[in-house]
Amino acid sequence: MDYLFTEEQKMIQDLCMQIAKEKIKPVAAHYDETGEFAWDIIKVLAESDICGIYIPEEYGGMGGGILELAIATEALSWGCGGISLGFAATGLGTFPIILFGNEEQKNKYLPDIASGKKLAAFALTEAEAGSDAGGIKTTARKEGDHYILNGTKQWITNGGEAEIYSVVAMTNKDKGPRGASAFIVEKGTPGLFFGKKENKMGIRSSSTREVIFTDCKIPKENLLGKEGLGFIVAMKTFDNSRPGVAAQALGIAQRALDEAVAYTHERRQFGQAISSFQGVQFMLADMATSIEASRGLIYSAARMIDSGAKNIAKVSAMCKLYASDVAMRVTTDAVQLFGGYGYMKEYPVEKLMRDAKITQIYEGTNQIQRGVIASALIKEGLA
Amino acid sequence: MNIIVLIKQVPETTDVKIDPVTNTLKREGVQSIINPFDVYAIEEGIRLRERAGAGKVTVITMGPPQALEALREAVSMGCDDAILLSDRKFAGSDTWATSYTLSKAIKKLGKFDVIICGKQASDGDTAQVGPGVSTHLDIPQVTYVKKIEEITIEKARVERMTEEGYDIMETPLPALFTVVKEINVPRLPSLKGKMRAKKIEIPVWTAESLECDGKKIGLDGSPTRVMKVFTPAPREGGEMLSGEPEEVAKKLVGLLRDAVLG
Ligand SMILES: Cc1cc2nc3c(=O)[nH]c(=O)nc-3n(C[C@H](O)[C@H](O)[C@H](O)COP(=O)(O)OP(=O)(O)OC[C@H]3O[C@@H](n4cnc5c(N)ncnc54)[C@H](O)[C@@H]3O)c2cc1C
């Protein structure tokens, strides 16, 4: 299929696929087992100029957009959905700066992210505030030229590994959702601590950690946008980052299909390759078709966002919702096609199934995505 | 530091087919890649430039127009310049004619400090072109280099792999090194490198532009005659000694004594 990529986009795809095959695939099982963070792969991405593909050129990036980010994330996730997340979640932590940062903030933070010298993270979720982000309790109190942050964020991807944190905290509780603000907090700031590292079902090499603020004092210059914009920053960030989660799901699904096609061709039962059975063939055909549909939706959504379109929440949610559901189904079917071998850790598909699951949960569960899509539909219907 | 890397495009297969009539390599239907050993040469060239903090890496190959692809790949890894030596008249060159032609190109380029080649090409496996070039240029060569310990503009100290271990050798520069795969881990291309490679104008030098002596290039300049190419018959026989280690050792010594001393 021809996706009408530019020369540059093809190069990104080729290079990321080469990295996935030659560098990530051989170490994926090791990192899955140990749960270590794959710094060696981040270094490869940095040296290959991948880290800055979605960052504007004036800040040291390649000036690409959501499509470039999706192309890279898809390919890298083919290698390992956990390792690729170090890159993709840096995108999540960087969008608040790209979208709402002022010139000084962009100049200060983006070049190091673009070069791969520093990773970023996005910290919104708390123990009592998941889908209902409005329930966050972390506070930021203004004191002269500073804000003082207090509270605990949970399940922060890249927590501890990243140098730059985009954090949403309440500056004025009385105002409800309009009382939240977004800040940049640098690792090393006194009062910033990292807590428990989670032991997870999948994407195990990705770091998921508590980020704790105890009288953490940051300069007032680190406020993103204006006070009160916290949730707007978060929502606009998600609108831009969800195609990345979708692409992560897509890469995992494509890998599952590739493994299934190869395996069913090799595995013989009843004197023939199991791929000769129609019951197996139909499964492969359905897997391939849903993957292709998910890819089409992701690339279209990404192109729409890159074109500067205004109302992107719906398509962004649609591609995340669809691609993650496809990934879950396809990886489950891949395990099925491998039979008992698929259930064993010696084969790659059980990991793909474990890795796929998170894409239905984070950056808004798929129920929340359906809610976003439905409210956009209703709003459009009323307009 | 000015570094020249010599590379060759080869078929991507370890299972090379030989044409039974002409005794030459069959290339049809096989993808072409940079000779795997040359990738280490490219990496080492780039590292030397990075170590020196200045200078450039020029990659050269002799081959058909499609060898431009190999040069572009080298540029995508970080080589600065590339030159293709291509001319119908070069066809049929053996290692002697090839090293003559390459040396003419290097002379035309002018100043250089180091020339790096892979230890051998995966298709012909001769390991002769590197040493041939140094001979034509009358500069020192060190083959099978596994580490460049120290290098200045005047001299280099390198480790040369041998079957037993390694030699430490010092040579004045300019010199030519052929490198083994133990020397480094080659990097992948970078995105910026790939973009540069796409756009870079690669000059094509012909026999005329190199002012080659017509009798020294191509088939006419190639004294080598391939009489026969064959796979050596696998070793046969052999004898398994069994028993207690002490006993076996004694038997073995006895057999060796008989075999060697008659
Ligand atoms: C591995 C991992 C990494 C993460 N990384 C980050 C990160 O980097 N930064 C960050 O800020 N957060 C991160 N998160 C948090 C993640 O975004 C939340 O887990 C997610 O938003 C869901 O919140 P919850 O887990 O509290 O579930 P809950 O909100 O408690 O939901 C539980 C269930 O109820 C359903 N539900 C809730 N509300 C509704 C509703 N209104 N209608 C219908 N169904 C509903 C949900 O869909 C879900 O099925 C991460 C989580 C994980 C597991």
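The values are calculated or read from the model by the stated rules, or taken from the named source; none is laboratory data. Predicted, not measured: the structure shown is a model, and the values here were computed from it. Using ideal geometry, Cβ is built from the backbone for each residue, glycine included, and neighbour counts are taken over all protein chains shown.
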Single unsatisfied condition, A:Lys196 versus (1) surrounded by fewer than 22 Cβ atoms within 10 Å (Cβ to Cβ); (2) part of a strand (DSSP E or B); (3) modelled with pLDDT of 95 or more:
(3)
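Enumerate the strands (runs of 3 or more DSSP E) found wholly within the range A:118-187, keeping only those where 2 or more residues are away from the ligand (no atom under 16 Å from the Cβ).
A:139-143, A:146-157
Just wondering, is there one or more residues in the range A:99-110 that are away from every other protein chain (no Cβ under 14 Å) and among the acidic types (Asp, Glu)? Step through it out loud before you land on a result.
Just the residues of the range A:99-110 that are away from every other protein chain (no Cβ under 14 Å), to begin with: A:99-110.
If we keep only those that are among the acidic types (Asp, Glu) too, we end up with A:103-104.
Scanning the range A:99-110 turns up at least one residue that is away from every other protein chain (no Cβ under 14 Å) and among the acidic types (Asp, Glu).
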Options A:Ile298, A:Ile358; residue that is within 16 Å of the ligand (Cβ to nearest atom) and either in a helix (DSSP H, G or I) or charged (D, E, K, R) (or both)
A:Ile358
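Rundown of residues vs (1) over 20 Å from the mean Cα position of the chain (by Cα); (2) within 14 Å of chain B (Cβ to nearest Cβ); (3) among the hydrophobic types (A, V, I, L, M, F, W, C), yes/no style:
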{"position": "A:Glu8", "(1), (2), (3)": "yes, yes, no"}
{"position": "A:Lys43", "(1), (2), (3)": "no, yes, no"}
{"position": "A:Gly52", "(1), (2), (3)": "no, yes, no"}
{"position": "A:Gly64", "(1), (2), (3)": "no, yes, no"}
{"position": "A:Thr73", "(1), (2), (3)": "no, no, no"}
{"position": "A:Gly79", "(1), (2), (3)": "no, yes, no"}
Can you tell me how many residues within the range A:15-34 are in contact with a Pro (Cβ under 9 Å, 6 or more places away or on another chain) and within 11 Å of chain B (Cβ to nearest Cβ)?
2
Output the qualifying pairs, or none if there are none: Cβ atoms under 6 angstrom, residues six or more apart or on different chains, first residue in the range A:121-132 and buried (at least 24 other Cβ atoms within 10 Å of the Cβ), second residue assigned to a strand (DSSP E or B) and of a type outside the set (S, T, N, Q).
A:Ala121/A:Ile156; A:Ala121/A:Tyr165; A:Ala123/A:Lys153; A:Ala123/A:Ile156; A:Ala123/A:Tyr165; A:Ala123/A:Val167; A:Ala123/A:Val211; A:Leu124/A:Val168
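Among the listed residues A:Ser166, A:Ser181, identify the single one that is under 25 Å from A:Val44 (Cα atoms) and hydroxyl-bearing (Ser, Thr, Tyr). Walk me through how you get there before you give the answer.
On the way: A:Ser181 fails: under 25 Å from A:Val44 (Cα atoms).
Result of the check over A:Ser166, A:Ser181: A:Ser166.
Looking at B:Met240, is it at pLDDT below 90 and within 30 Å of B:Lys89 (Cα to Cα)? I'd like the intermediate steps shown before the answer.
Values: at pLDDT below 90: yes; within 30 Å of B:Lys89 (Cα to Cα): no.
Considered against the rule, which asks whether it is at pLDDT below 90 and within 30 Å of B:Lys89 (Cα to Cα), B:Met240 comes out as no.
Any chance you could count how many residues in the range B:50-82 are among the basic types (Lys, Arg) and surrounded by fewer than 18 Cβ atoms within 10 Å (Cβ to Cβ)?
Qualifying residue count, the range B:50-82: 2.
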Here are some conditions: (1) in contact with a strand residue (DSSP E or B) (Cβ under 6 Å, 6 or more places away or on another chain); (2) part of a helix (DSSP H, G or I); (3) of a type outside the set (Phe, Trp, Tyr). B:Asp123 meets all but one. Which one does it not meet?
(2)
Selection over the range B:1-31 where residues are under 29 Å from B:Glu43 (Cβ atoms) and at pLDDT 70 or above yields a count of 15
If you check B:Glu163, B:Glu239, which single one turns out to be more than 30 Å from B:Arg72 (Cα to Cα), more than 21 Å from the chain's Cα centre (by Cα) and acidic (Asp, Glu)?
B:Glu239
Any idea how many residues of the range A:61-117 are in contact with a Lys or Arg (Cβ under 6 Å, 6 or more places away or on another chain) and among the charged types (D, E, K, R)?
1
Looking only at the range A:203-229, and only at residues there that are of a type in the set (Gly, Ala, Ser) and buried (at least 21 other Cβ atoms within 10 Å of the Cβ), the one that is nearest to the ligand (Cβ to nearest atom):
A:Ser206
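What do you reckon, is B:Thr178 surrounded by fewer than 17 Cβ atoms within 10 Å (Cβ to Cβ) and either out of contact with any helix residue (DSSP H, G or I) (no Cβ under 9 Å at 6 or more places or on another chain) or not basic (Lys, Arg) (or both)? Step through it out loud before you land on a result.
Values: surrounded by fewer than 17 Cβ atoms within 10 Å (Cβ to Cβ): no; either out of contact with any helix residue (DSSP H, G or I) (no Cβ under 9 Å at 6 or more places or on another chain) or not basic (Lys, Arg) (or both): yes.
Here the answer is no, as B:Thr178 does not meet what is asked.
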